[in-house]
Amino acid sequence: MPERSAARALVEAIGRGFEEFEPPAVRDSVDGPLGWPGYDDQRARAAGRSGAEESVLCGRAQVGELPAVLVAFDFGYLGGSVGEAAGARIVAAFDRARELRVPVVSLVASGGSRMQEGICALRQLQEIARACLLARRDGIPHVTVLRNPTTGGMWAALSAGADVVLAEPGAAVAFGGSRVRGPGDTGEAFTAEGKLADGQVDRIVDDADLPAVLADLVRLLHPQRTSPDPAPVPASLAGGEPPATGWEAVQRARAADRPRAAVYLDAYFATRFEIGGDRAGGRDTGMLCGFGEHEGRTVAFAAQTGTANTPAGFRTAARLVRLADQLGLPVLTLVDTPGASNDAAAEHGGVGPAIAELFTAVAEARVPITTLVIGEGGSGGALALAAPGRTWITADGYFAVIAPESAAAILKRDPAEVPDLAGHLRLRPQDLLDLGFVQGIAR
């Protein structure tokens, strides 16, 4: 038998002082609940080869500065499959995390439910999903790491619904394993890289970097870092006074050398971790979302980068706002978009429902949201990210019901009248302050 299992080696590499939880008692019978011929011998051989007593190892450890509950799968034990005993361990681990008020880190490498235990194994997915839900309701963050392979029920019931999804390079990730898929069902769609492109994974992390990345996430998302106070308004990086005319406001907001979201985020946060993807097949690099450390506490952020956002961008921002609300973290939003994408692809992708989802997430949030308009505020695609009653603007920003050029098209005006229409729209920072839309012009 190996000196230590692969799961134990993994948890000891990630956390200090790992203490295994006492496994819950489960029913025991000859060859399992189905009486599967030779099942007891299979388990004994698996234990001898892997050094593991079960396919899952659960316990508590220091991950960086703070404690977390670790759930580690051992693929060497019957392919990391989950039966009654493994399912009970996972559920108990989430229950302990709720008691201890610490995050859960699941390190998954599994082929799914254990065939030799039949429906008794399959129904563990319901128990695990419920344990994840209860932890979510209690504000306990769950970070998962997709290792090779992560397929079947553990992808669907445990990992896919985690708050942050990491993956190791090249990992096979799919609901159906390679042996049960059709012969032509191969390729990137069934890999971690494919899931990243499709917005189902937040980041791919090399093994060497994993301990540090998990330490950062545990620190940023730990329940002890919640705060009822709003995120402070970022300092403006714009130079000069507010524009004299509406058209000047538009031109300044569209200037190529104006400070954009990434510059603001770098100035505001000491460190930050970005999440990406709407978990529904889409990713929009024009919407930066994640968590950062500002003046010693965690603030969630959703920031537009100056592009026309796609449905995936709005859904990702809604995901971020809901997650921050769940974890009790204040939110900072940076508005900068000429408007939502309005081409055929956006319509097929449900841009209207996606914007509605973000409006709803902002309206439902119990945590405070602070908004700074740092550039273009283009109609509903910008307004969906703005906090009612807590919105500020920089001197090089504007906010309008419609772009001046589009206003001219609708009114059948000559293009030469666009600058004049910009004035009528009253979109300058000082106009927005006078109209009560913004609370101030950031300095």
Check your understanding: How many of the residues making up the range 212-252 are surrounded by 15 or more Cβ atoms within 10 Å (Cβ to Cβ), of a type outside the set (S, T, N, Q) and under 24 Å from Leu100 (Cα atoms)?
Key -> 12
Exercise for review: Can you run down the residue pairs with Cβ atoms below 9 Å, 6 or more apart or on separate chains, where the first is in the range 5-29 and over 23 Å from Ala215 (Cα atoms) and the partner is of a type in the set (Gly, Ala, Ser) and surrounded by fewer than 16 Cβ atoms within 10 Å (Cβ to Cβ)?
Suggested key: Ser29/Gly35
Check your understanding: Listed residues Gly276, Gly240, Gly199; which is at positive phi and either of a type in the set (S, T, N, Q) or not assigned by TED's automatic domain parsing to the domain that holds Gln62 (or both)?
Key -> Gly240
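Only helices (runs of 4 or more DSSP H) wholly contained in the range 1-100 count here; list those with 2 or more residues that are among the basic types (Lys, Arg) and either surrounded by 14 or more Cβ atoms within 10 Å (Cβ to Cβ) or over 25 Å from the mean Cα position of the chain (by Cα) (or both).
39-50, 84-100
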**Study point:** Scope the range 103-132; condition surrounded by fewer than 19 Cβ atoms within 10 Å (Cβ to Cβ) and farther than 23 Å from Asp28 by Cα; matching residues
**Key:** Ala129, Arg130
Check your understanding: Going through the range 101-132 one residue at a time, which ones are outside any helix (DSSP H, G or I) and out of contact with any Lys or Arg (no Cβ under 8 Å at 6 or more places or on another chain)?
Key -> Arg101, Pro103, Val104, Val105, Ser106, Ser110, Gly111, Gly112, Ser113, Arg114, Arg123
Point to revise | Yes/no for Asp266 being farther than 16 Å from Leu332 by Cα and charged (D, E, K, R) | key: no
Review point. Has the range 271-282 got at least one residue that is among the acidic types (Asp, Glu), closer than 30 Å to Ala345 by Cα and either at pLDDT 95 or above or assigned to a loop (DSSP other than H, G, I, E, B) (or both)?
Key: yes
**Study point:** Considering residues of the range 400-441 that are touching a residue at least 12 places away in the same chain (Cβ under 8 Å) and β-branched (Val, Ile, Thr) only, the residue surrounded by the most Cβ atoms within 10 Å (Cβ to Cβ)
**Key:** Val438
Review point. Do we find that Glu293 is surrounded by fewer than 24 Cβ atoms within 10 Å (Cβ to Cβ), more than 15 Å from the chain's Cα centre (by Cα) and in a strand (DSSP E or B) in this structure?
Key: yes
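Here's the yes/no breakdown for (1) surrounded by 24 or more Cβ atoms within 10 Å (Cβ to Cβ); (2) over 21 Å from Ala387 (Cβ atoms); (3) charged (D, E, K, R):
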residue: Asp257; (1), (2), (3): no, yes, yes
residue: Phe269; (1), (2), (3): no, no, no
residue: Gly276; (1), (2), (3): no, yes, no
residue: Arg279; (1), (2), (3): no, yes, yes
residue: Gly282; (1), (2), (3): no, yes, no
residue: Leu288; (1), (2), (3): yes, no, no
residue: Thr305; (1), (2), (3): no, no, no
residue: Asn309; (1), (2), (3): yes, no, no
residue: Arg315; (1), (2), (3): yes, no, yes
Check your understanding: Say we look at the range 342-372 and pick out the residues that are surrounded by 24 or more Cβ atoms within 10 Å (Cβ to Cβ) and of a type in the set (Gly, Ala, Ser); which of these is nearest to Pro388 (Cα to Cα)?
Key -> Ala361
Review point. Which residues, counting only those in the range 58-78, are in contact with a strand residue (DSSP E or B) (Cβ under 7 Å, 6 or more places away or on another chain) and either of a type in the set (Val, Ile, Thr) or closer than 25 Å to Ala172 by Cα (or both)?
Key: Cys58, Val63, Val69, Leu70, Val71, Ala72, Phe73, Asp74, Phe75
Exercise for review: Evaluate the range 428-441: report whether one residue or more is within 30 Å of Gly199 (Cβ to Cβ), in contact with a strand residue (DSSP E or B) (Cβ under 7 Å, 6 or more places away or on another chain) and polar (S, T, N, Q).
Suggested key: no
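The values are calculated or read from the model by the stated rules, or taken from the named source; none is laboratory data. Keep in mind the model is a prediction, meaning the values are calculated, not measured. As a convention, Cβ positions derive from the backbone with ideal geometry for all residues, glycine included, and neighbour counts pool all protein chains shown.
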